[in-house]
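Engineer: Following this message is one structure expressed as structure tokens.
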Amino acid sequence: MNIFTIDVPLCKDFGRILKKMNKKVTFLEDPLNQSHLFEDSSDLMKSLFILPLHISKDSWQQTSLFALAESHEIPILFIYKRALGMEPPQALPEKTFYETMAVPADSVEVRIKLKSLKNISMQLFSAKMKGQELEKIHQKSARSLRIAKGIQLSSLPLSIHNEDIEVKGLFQPSSDLSGDLFYWAEVDDRIYGFIMIDVFGKGIHTALINMSIRTLMPDLIKRVKDPIYITEELGKHIRDLFQGVNRENKKHARITAFIAYVNTKDRLIEYVNYGLPSAFLYSPCTNQILTLNEGATPSGLTPELPIKKIVFHYEPGSRFIIYTDGLSKTPTPSAIDRSDNIEREFIENVHLDTNDLLQELLVSRMRHSVINDDICIIAGTLF
């Protein structure tokens, strides 16, 4: 064990006892400038400082060694002479372990104290190394999450604004990664496809499912061009993903979705709402709100119920919103469904431009309660 102390009478006397026990003692003349002696982590594990219990404020060596012990978390053995009416010590360590011992002491007592402090030193060192390793793992995980978050954000579609249609989206994850996603694209001349998906559950698995679906979307939305068939393809994809997964984890094999195609030449919409909250479409000529909530109820890995597609014409100037349930549902214990509020807020703010409309819907949700679920919103105008 590496024993360090300072050149004061009490420590010198104790040092002589240690030398008789064949213990090596190093007297530090300038502790702060000799801190390089403790840079090796293996030396820290085997180090011990000996200091007078009653440290003199006037002794810079004593205060320096005290500070050095705390900064490196090196155990301290405080020694003192028994005396009547002893005053309590001015300060004791808060960041490292210590023991006290009256001197002179016999060799048996000294050996017991040294062994105890050696064991404590090894435990402190082990805990410190584990803490540093955990911090490295945390930093590596945080870096990986930042990269994954960047990939998710870069996969969001660009806004569209032309003479036929305006479309914008809002993506608000509840944590670093999201299980919600949306996508849109012009699939044919003046025909646009939309998909919004909410993956069941929370955690990294939802982000993995999210990205596996996202890779399908560009081809799927242009190749299939039918909300019913896309819904069926998504269900098949989820079942394939969870093949071989144990029964308990198969409960996460569930998504909800909204799939729509907008033909701006014929002003025609066809959609399937596969379990998402009701989307809304405002018709300015009639000043009415259409509730877009028909389709099918998702059933996970079992064969789905028949899927219903709705087809209708829209009026010029119609505005719409599609959203995931992070916007409409609040955390337990209240677990309130805010769908009616969203419909009212949409009507009250339908005159706003699309960016302001999206922000108003989000801010209203934030005012209500803590957000603990991902939020995705698509909003736009059909000219």
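The values are calculated or read from the model by the stated rules, or taken from the named source; none is laboratory data. Here the structure is a predicted model, which means the values were calculated and not measured. Here the Cβ is made from the backbone with ideal geometry for all residues, glycine too, and neighbour counts use every protein chain on show. SASA here: full protein model, heavy atoms, side chains in, ligands and nucleic acids out. Shrake-Rupley method; radii C 1.70, N 1.55, O 1.52, S 1.80 Å.
Engineer: State whether the stretch 177-284 is rounded, prolate or oblate according to the following rule on the C-alpha gyration tensor (a ≥ b ≥ c being the square roots of its eigenvalues): a/c under 1.5 gives rounded; otherwise a/b larger than b/c gives prolate, and the remaining case gives oblate.
Structural biologist: It is prolate, given that a/c is not under 1.5 and a/b is the larger ratio.
Engineer: Counting only protein heavy atoms and a 1.4 Å probe, tell me what percentage of the stretch 147-219's accessible area is made up of carbon and sulfur. Intermediate values should be presented prior to the final figure.
Structural biologist: Details: 1840 of 3220 Å².
The nonpolar share, carbon plus sulfur, comes to 57 percent.
Engineer: Please state the relative contact order of the stretch 318-383 as a whole percent: Cα pairs under 8 Å, 6+ residues apart?
Structural biologist: Rounded, it is 56 percent for the stretch 318-383.
Engineer: Of Ser154, Phe312, Trp184, which is farthest along the charge dipole of the chain in the positive direction, counting Lys and Arg as +1 and Asp and Glu as -1 at C-beta?
Structural biologist: The listed residue farthest towards the positive side: Ser154.
Engineer: Would you calculate the separation in nanometres between label points at Met1 and Ser71, each defined as 7 Å from the Cα along the Cα-to-beta-carbon direction?
Structural biologist: Here the answer is 2.4 nm between the modelled labels.
Engineer: Rounded to whole Å and sorted largest first, what semi-axes of the equivalent ellipsoid does the C-alpha gyration tensor of the chain yield via the square root of 5 times each eigenvalue?
Structural biologist: 72, 22, 18
Engineer: Take the alpha carbon gyration tensor of the stretch 183-230, find the square roots of its eigenvalues, order them as a ≥ b ≥ c, and report rounded if a/c is under 1.5; if not, report prolate when a/b exceeds b/c, else oblate. The partial results should precede the final answer.
Structural biologist: On the way: a/c = 2.70, a/b = 2.52, b/c = 1.07.
Prolate, because a/c is 1.5 or more and a/b exceeds b/c.
Engineer: Sticking with this one: Within 10 Å, count the other beta carbons around each residue, average over each peptide in 231-242, 192-203, and list them highest first.
Structural biologist: Packing order, densest peptide first, comes out as 192-203, 231-242.
Engineer: Also, quick follow-up: Provide the FRET efficiency to the nearest 0.05 for the Leu37-Met366 pair, computing r from the beta carbons and using R0 = 51 Å.
Structural biologist: Taking R0 as 51 Å, the efficiency between Leu37 and Met366 is 0.40.
Engineer: While we're looking at this one, here's another question. Take the Cβ-Cβ distance between Lys23 and Gln243 as r, set R0 to 51 Å, and report the resulting FRET efficiency rounded to the nearest 0.05. Mind dumping the intermediate values first?
Structural biologist: Details: r = 66 Å, r/R0 = 1.29.
After rounding, the FRET efficiency stands at 0.20.
Engineer: Accessible area per residue of the chain at 1.4 Å probe, in Å²?
Structural biologist: 52
Engineer: For a Förster distance of 25 Å, can you work out the FRET efficiency between the beta-carbons of Arg190 and Asp219, rounded to the nearest 0.05?
Structural biologist: It comes to 0.75.
Engineer: Still on this structure, please answer the following. Please figure out what share of the DSSP beta bridges in the chain is antiparallel and state it in percent, rounded to the nearest 5.
Structural biologist: Bridges in the chain that DSSP calls antiparallel: roughly 75 percent.
Engineer: Run the numbers on the chain and let me know its relative contact order in percent, using alpha-carbon pairs under 8 Å that are six or more apart. All intermediate terms of the calculation are to be shown ahead of the outcome.
Structural biologist: Values: 645 pairs, mean separation 48.6, N = 383.
Averaging sequence separation for qualifying contacts and normalising by length gives 13 percent for the chain.
Engineer: Another question about this same structure. Based on the alpha-carbon set only, what is the convex hull volume of the stretch 133-206 divided per residue, in Å³?
Structural biologist: Spread over its residues, the Cα hull of the stretch 133-206 gives 95 Å³ apiece.
Engineer: I need two numbers for the stretch 120-170: Rg to one decimal and Dmax as a whole number, Cα atoms only, in Å.
Structural biologist: 22.5, 75
Engineer: Determine the shape class of the stretch 310-383: with a ≥ b ≥ c the square roots of the Cα gyration tensor eigenvalues, call it rounded for a/c under 1.5, and otherwise prolate if a/b is greater than b/c, oblate otherwise.
Structural biologist: Here the stretch 310-383 falls in the prolate category.
Engineer: Roughly how big is the chain's charge dipole about its Cα centre, with Cβ charges of +1 (Lys, Arg) and -1 (Asp, Glu), in debye to the nearest 20?
Structural biologist: 2100
Engineer: Taking the simple approach of a point 7 Å from Cα along Cα-to-Cβ for both Lys46 and Phe312, what is their distance in nm?
Structural biologist: In this crude spin-label approximation the distance works out to 8.2 nm.
Engineer: Considering only DSSP beta bridges whose two residues both sit in the stretch 53-193, what percent are antiparallel, to the nearest 5? Intermediate results must be reported in sequence, preceding the final value.
Structural biologist: Details: 5 of 11 bridges.
Around 45 percent antiparallel, to the nearest 5.
Engineer: Sticking with this structure for a sec: Give the residues of the stretch 358-378 whose amide nitrogen is closer than 17 Å to a point set 7 Å from the Cα of His161 in the direction of its Cβ.
Structural biologist: 358-360, 378
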